[in-house]
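Visitor: Pasting a structure here, questions to come.
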Amino acid sequence: MAESTDKFGVGVWDRWEFARELGAGRYPESSDAGTGRAAADVAFFNGDFGMAADLYKALSEHHPGNRGILARMLHCYDATCDWQAREPIADALTAALDIEPDLNGTEPLCYLSIPLSNRKAFEFVKARNARYGNKSTPQANASSACKSDTEKIRIGYLSIDFKAHNCGIPLWPVLAGHKHDRFHIIGYSLAGTDKKADVERTVAPICDAYRNLGHLSWRDVRTTIAKDRIDILVDMTRNIRGAPIPLFQTRLAPVQVSAWGYGGTSGIPLMDVIFSDETLIPQAEEAFCSEKVVRLPAYLPPILVAETHPPTDEERAEFGLPSGKVILSGFTNPYKLDKETFTAWLDILAAAPDSILWMMAGSESLQHALRAYAATRGIGRDRMVFAGHADESRHLRRFQHVDLVLDNPRMGSGSSVVHGLAAGRPVVTLQGTAPDSRGAESILSGLKLHDFAAPDWTAFVRLAAGLTCDPKARTRAHDRIRTAVAKNSTAAQASFIRTLEDRYGFLLKAA
């Protein structure tokens, strides 16, 4: 089966992601160069979502009901926080799911952006991933599950996010902490060239072997992994951007594990196991997983306290933050932000007059849209500060100036939650209804900080506003976070790794 059988479907999406990550300056479907669809897609992948939305809208008028175009429009409206325009598109796509379970192979960002029941989301991802074809025949040179007690177990970790990400930083110590006399660890990075140096600096030294695969075709990636004769392959990407679903058309290892990249099921029949905890995938929802659920003591490894230096007034001014204000961070990718979440954040600002909301910048049009909506809620432009692009170390320094981290419960602000807790900052979230909305809740539960996950939006606003307005309550919360994170000592981390290794040994024997 060809790697792309759908002209504007899933194959194009993934190849475009890799082309963009690798700096390719052309649209992959050369036969469509110069067409309206190609122009819209180029604008989309260049991040010009305002222009892309206009181009897709014009296309949709000539091709009404084209679900691929509607899905891209939805993401454009999400990325520009044009919530009024997104609603009829989301409604149309939700209704279309009753007719076609995967919307003609549309990308994962779509089904994360429309409200679906757990059952419907499961059906969506299974149907979408089935488009790649499923071949149960193993690679001819795949490793055997029969290992002697003296042979090392060969574990491959596959990820596009080995970088400073919630699927990177917490997992670096795991790769380094494995018993290398018992396990042979190979890191497979699908990161693009812009992240290649960072990944090689952080990941390559802690693995027994490291492979940079971001520049290879799916076929060559499969060949490379097969040659390594992996016993257990752990996919840490799943259905997020650049998902390596095409790799699993054939079995690459006796045991294939889905873990950490995204909380829900991979929907891939050849994926044997999914790692979770009691919060992310409760027992009642195991039926919505194509894999067997194997539980760990916590979903992510223990977070360790970051080495920090006291923030300075000069640095605060450099970040554009006013002095004497309580800083609330909403460092979420703009496309994840929905009206309900942003309204709750504004309600917190209204209840706490001395607070400032610090957000990721996005485009100028996005900032204008958010400020305009805030004005309708009585929040002036001086109450919001937008953070531009920064390198890893500077971004991590931002958290030293944050007093309270606000999660985005719609899709979860995983990286911000990890960074904030490592810096000793409290995180407030909402109890989620699906795996993709329970990331922060899962992390907080692992730290025995269940009360920072509010049961509803009213409680979310009340909890965050209370911490913002009451310096003593905020100090107590800071102390609780530091104490909880400090308990995640290197000993606790080692215990997590030993438990993980025991799971690996059991899974391989059972294969």
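Visitor: At 1.4 Å probe size, with no ligands or nucleic acids counted, give the accessible surface of E318 in Å², nearest ten.
Guide: Its accessible surface works out to 120 Å², give or take rounding.
Visitor: Moving to a separate point now. Report ³J(HN,Hα) in whole Hz for each residue of segment 356-363, in order, from the Karplus equation J = 6.51 cos²θ - 1.76 cosθ + 1.60 where θ = phi - 60°; Gly and Pro get x.
Guide: Values, residue by residue: 10, 9, 10, 10, 6, 5, x, 7 Hz.
Visitor: Give the share of C-alpha pairs in each 10 angstrom bin for segment 294-441, from 0 to the last occupied bin, in whole percents, shortest bins first.
Guide: The percentages, shortest bin first, are 10, 41, 36, 11, 2.
Visitor: Over all alpha-carbon pairs of segment 447-511, lay out the pair-distance distribution in 10 Å bins, whole %, shortest bin first.
Guide: Over segment 447-511, the share of Cα pairs per 10 Å bin runs 18, 30, 22, 20, 9, 2 percent.
Visitor: A further question follows. Starting from the Cα of D391, step 7 Å along the direction of its Cβ; do the same at D313; then give the gap between the two resulting points in nm.
Guide: For D391 paired with D313, the spin-label model returns 2.8 nm.
Visitor: Please give the per residue accessible area of segment 381-450, computed with a probe of 1.4 Å over protein heavy atoms only, in Å².
Guide: It amounts to 31 Å² per residue over segment 381-450.
Visitor: For segment 229-339, state the average projected area of the convex hull of the C-alpha atoms over all orientations, rounded to one decimal in nm².
Guide: 11.4 nm²
Visitor: When the accessible area of segment 381-480 is computed with all protein chains present and a 1.4 Å probe, what percentage of it is carbon and sulfur?
Guide: C and S fraction of accessible area: 53 percent.
Visitor: Ok, one more. How many angstrom separate the Cα center of segment 379-395 from the Cα center of segment 292-371?
Guide: Cα centroid of segment 379-395 versus Cα centroid of segment 292-371: 9 Å apart.
The values are calculated or read from the model by the stated rules, or taken from the named source; none is laboratory data. Being a predicted model, the structure only gives us computed values, none of them experimental. For neighbour counting, all protein chains shown are included, and Cβ atoms are generated from backbone atoms with ideal geometry for every residue, glycine included. Areas reflect the complete protein model, heavy atoms only, side chains present, ligands, DNA and RNA absent. Shrake-Rupley method; radii C 1.70, N 1.55, O 1.52, S 1.80 Å.
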